Structures are given as structure tokens and as C-alpha cells.
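Have a look at the structure below before the remarks.
The values are calculated or read from the model by the stated rules, or taken from the named source; none is laboratory data. Keep in mind it's a predicted model, so treat the numbers as computed, not measured. Positions of Cβ are generated from backbone atoms using ideal geometry, with glycine treated the same way; all protein chains shown enter the neighbour counts. When the accessible area is computed, the model is the full protein with side chains, heavy atoms only, and any ligands, DNA or RNA have been set aside. Shrake-Rupley method; radii C 1.70, N 1.55, O 1.52, S 1.80 Å.
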Amino acid sequence: MLYIGVDLGTSSAKLLLMDEGGNIKNIVTREYPLYFPQAGWAEQNPEDWYSAVVSGIKELVEDFNRDEIDCIGVAGQMHGSVMLDENDLPVRSAILWNDGRTEAETEYLNSVIGREILSEHTGNIAFSGFTAPKFLWMKKNEPKLWAKVKKFMLPKDYINYKLTGVHSCDYSDASGMLLLDVKNKRWSRYMTELCEISDNQLPALYESYDIVGELKPEIAGELGLRKNVRVIAGAGDNAAAAIGTGTIGSGTCNISLGTSGTIFIPTEEFVTDSNNSLHAFAHSDGKYHLMGCMLSAASCNKWWLENILHTNEYTKEQSEIDESELGRNKVYFLPYLMGERAPHNDALARSAFIGMSMNTYRKDMVQAVLEGVAFGIRDSLEAAREMGINITTSMLCGGGAKSPLWRKIFANVLNIELTLPETEQGPGYGAALLAATACGNYRDIEDACKAVIRTKGRVLPD
């Protein structure tokens, strides 16, 4: 049988086709626009996502036996607010994870309602990218649109709804809404009442590997697939990427160096740190995890090279930096182009270069950007270490991990061994493995990871 994994990202949908042995048979990417209506705001049109997924699936399966396609798993960008009216149509563009408009609402939740209360009911405090602050912002600033909202969804759940007609959400993605009692895996009555929303406006909750439905007949016909192709609940992108790198069980760790940067630490039981500086979320394997997320990671490098230096020759810019120069740079970079989430939780934080002199050269600033991002991840790693969690090795994935120099910088700054996954397809691969597990191809998620996850190298710290 064949399984489809979808990664609904911020800039594009990446779709892959996987066989029973975990081998990737085909990959398709569909881009869509990202809108910035005001400085610090970020939105997308949910219909753009769906169009990209539909056209992507058609191309993905074109040269394969479509009768062999058994299940679809969708992983997606977290926290985005998709709000549907009585006809299940979006009432406005989705407000995304990296949108910073909710500074006042976040401050209200953390300072007036109180961090302790939020942590008691959800296991987390408010961050500007979370979904609940967006609800409060919309109630205040767009009351007429708010009055039309009948259903709240997350980005990947909108795709699942369009495919199956089922309003669903998995625990890993729901964890980032600040509406879920994460420890007990149920919607928090305290938070729903605070936001003045009803239970019937929220989707039903599932484990990531649960089957939520089958393709609607008309959708199956449009895609050229069997009507009984199943669709799973799926997962938030980071939880799915963790499956795709085999990051399950205590003692494992995954660092993703993409547009944003994350450090993902699985835990057997639900735990929080004393300052709630790390997110305490449900994992897509049915357990839990801690996560630190910085808003600008590889995007810092992209901004510096393309927006400022006007070049896309990433390898050439890094080739000027010799490994002997690592740890000796006198220029420092703060990676807060979009504010910051974990562990600082400051939407107004901004980037800066410091330490420059007449002896500062272009390569020094390139190196500073790479090092600044690594230290941003280290902030979250130190928060985990203060909890007594001993991380000595981690998987490293994401677009930035393709750079040997950046990998070495990360190993040095974190002072841990880094391993590289043989198959680097991130959330889409994890979604396909979850789908294959749901349909009985593997006994459980651990069995799936043991069967297919391989590493292709390691980087030791100096």
C-alpha cells in the first residue's frame, strides 16, 4: 500500500508518497502567498492551502496505482486561526503563528489573568503566536466578523475538514491554542469561558494516529482516488517532524533549523518548567514533550543574505569562514527579527549586531548570524537543563542543517553530539508514518520509527 504525507508549511505545501517500507516514491511542492497587512502581522488564505494540497495530490499520484493509496496524513503549521461561518466558509484570512499583533492580549492573559492560572488550566502561558490571544484580539477589533464565527480550526484541520467533512483536531496541535488542558487532554472549560466560546465551536479531539474519516465521494472523484481512502487526525508540524526523525521516548531530542527554530524533547509524563519558558505539549505518539521555539532561525540567514547582501549564494558566503575562526568572532547577532517566543516571550524584541569595529568584515557578520541562531536554541536547552533533563545528543534537521558549517557551530554552541537523519523530509514524512501506523502497517509509532529511521552521520562538538 501507499501513504500520502502532507506538510502544510508557511510558504508551501510539501507532499510525499511513501510505501510500506518507509521509502519515498515521489515528492511534490506547491507554493502559496503569505500576506503582511501591517508590520508584524502575517496572514494566509485557507483556500490557497486547500488548492495547493488538491493540485499537489493529483500530481503526486499521477504515475502510480491509485488503488494502492490507503491513507492520508496531514501535518501543519501550528497556532493559525481558521474561523468558519455557518456555511463552513472562512470569515477572514487565517492569522498565523508568526503574527505579533496580540501583544496587548498576551500581556492581559499573562499579567491580569496570571501565568499561574494559565499554567494550572493549560500547562502553558500565553505567547503572542498562540491561538487564544488571536480570539481576544478579533473580539475587540473585528466584532462583526467575530459574531459570524461558528467553528474554530487550525490550518491542517481545515484541510482534513475539506477532505472528509469532519471537524477534528489532534492533541499535539491543540496544545498550542492555549485552550487545551494538555495534561488531561481535554478542552479547558476555564479558557473556553474566558474566550466566550462554546464547546460546539471547537473540533473533536483525537490522537494524531486516529482515523477521523474517509474522503468525501466528490473529493475522491476529483483526486482520482478510492472513496474509502482514510484520513488521520495528523499532527502539528514539530510533533510530526519528531516522528520523521524517530524522536520518541525519554532521552531523545530533535532540533529543527527551519524558518523558525525548535528544540523538541519528548517526555513520558506531562511536565512543565517553573517559569513556563518551554512549551509543554502533547506529542503525536500519544505522550508528551517540551519544546522551545524561536521565531527566526534559518530565516535570519535568508534575511541577511538576500535582503541585506542581495545574494543567494549561501555556500559561497560561508566558504570564507574557516573552522579555526569558530568561537573567536567579536561580532554578535541577536536573532529577534520577529520578536521572540521561548524562552523570552517578548513580541517586541528586535535584532541587532553588536561588537563591530573597523576590523569587522562581511564574513564576521555572516558568522555572527549563524552563531546568534545557535545561541537562541541554547537558551531553550538551558531551560531544559535547569529541569534536570540531560541532553547529550540530538537529531538535527531542517533546511539550515544542510550547511556543514552551521552544523558544526550548533554542536559547539550546544556542546552536544548531533546526528543527521538519512531521510530528511520533516513533517510530511512523520505524517505518512502516522498514517501507515493508523492503517495497521506498523504495530505502533515506536515500531514504525525503529523500522524506517536511519542516520547518515554525526557532528561532534569541539
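Which pairs in the list Lys134/Lys156; Lys316/Lys450; Lys150/Lys185; Lys134/Lys227; Lys134/Lys162; Lys156/Lys185 are over 27 Å apart, alpha-carbon to alpha-carbon?
Result: Lys316/Lys450; Lys134/Lys227 exceed 27 Å.
Hey, could you grab the Kirkwood Rh for the range 198-323? Inverse mean 1/r over distinct alpha carbon pairs, Å, one decimal.
18.0 Å
If packing is taken as the mean number of other Cβ atoms within 10 Å per residue, what is the order of 322-331, 294-303, highest first?
Descending packing order for the listed peptides: 294-303, 322-331.
Can you compute the charge dipole magnitude of the chain about its Cα centre, using +1 on each Lys and Arg Cβ and -1 on each Asp and Glu Cβ, nothing else charged? Give it in debye, rounded to the nearest 20.
So the magnitude is around 360 debye.
Given the C-alpha centroids of the range 345-403 and the range 33-86, what is the distance between them in whole angstrom?
Their Cα centres are 31 Å away from one another.
In the calculated pair distance distribution of the chain, what percentage of Cα-Cα distances lie above 29 Å?
45 percent
Among 238-244, 124-130, 285-291, how do they line up by average Cβ neighbours within 10 Å per residue, starting with the highest?
Packing proxy ranking, top to bottom: 238-244, 124-130, 285-291.
When the helices in the chain are scored as -39500 (n - 2.57) per DSSP H run of 4 or longer and the sum is shared across all residues, what 222 nm value do you end up with, to the nearest 500 deg cm²/dmol?
Using -39500 (n - 2.57) per qualifying helix, the result is -9000 deg cm²/dmol.
Semi-axes of the range 326-397's equivalent ellipsoid from the Cα gyration tensor, sqrt of 5 times each eigenvalue, largest first, rounded to whole Å?
The equivalent ellipsoid of the range 326-397 has semi-axes of 25, 17, 10 Å.
Summarise the accessible area of the chain (1.4 Å probe, protein heavy atoms) by the percent that is carbon and sulfur.
46 percent
Could you grab the relative contact order for the chain? Cα pairs under 8 Å, six or more apart, rounded to a whole percent.
17 percent
Can you list the HN-Hα couplings for the range 20-33, worked out from phi with the Karplus curve (6.51, -1.76, 1.60; θ = phi - 60°), rounded to whole Hz and with x for Gly and Pro?
5, x, x, 7, 7, 9, 6, 9, 9, 10, 10, 8, 8, x
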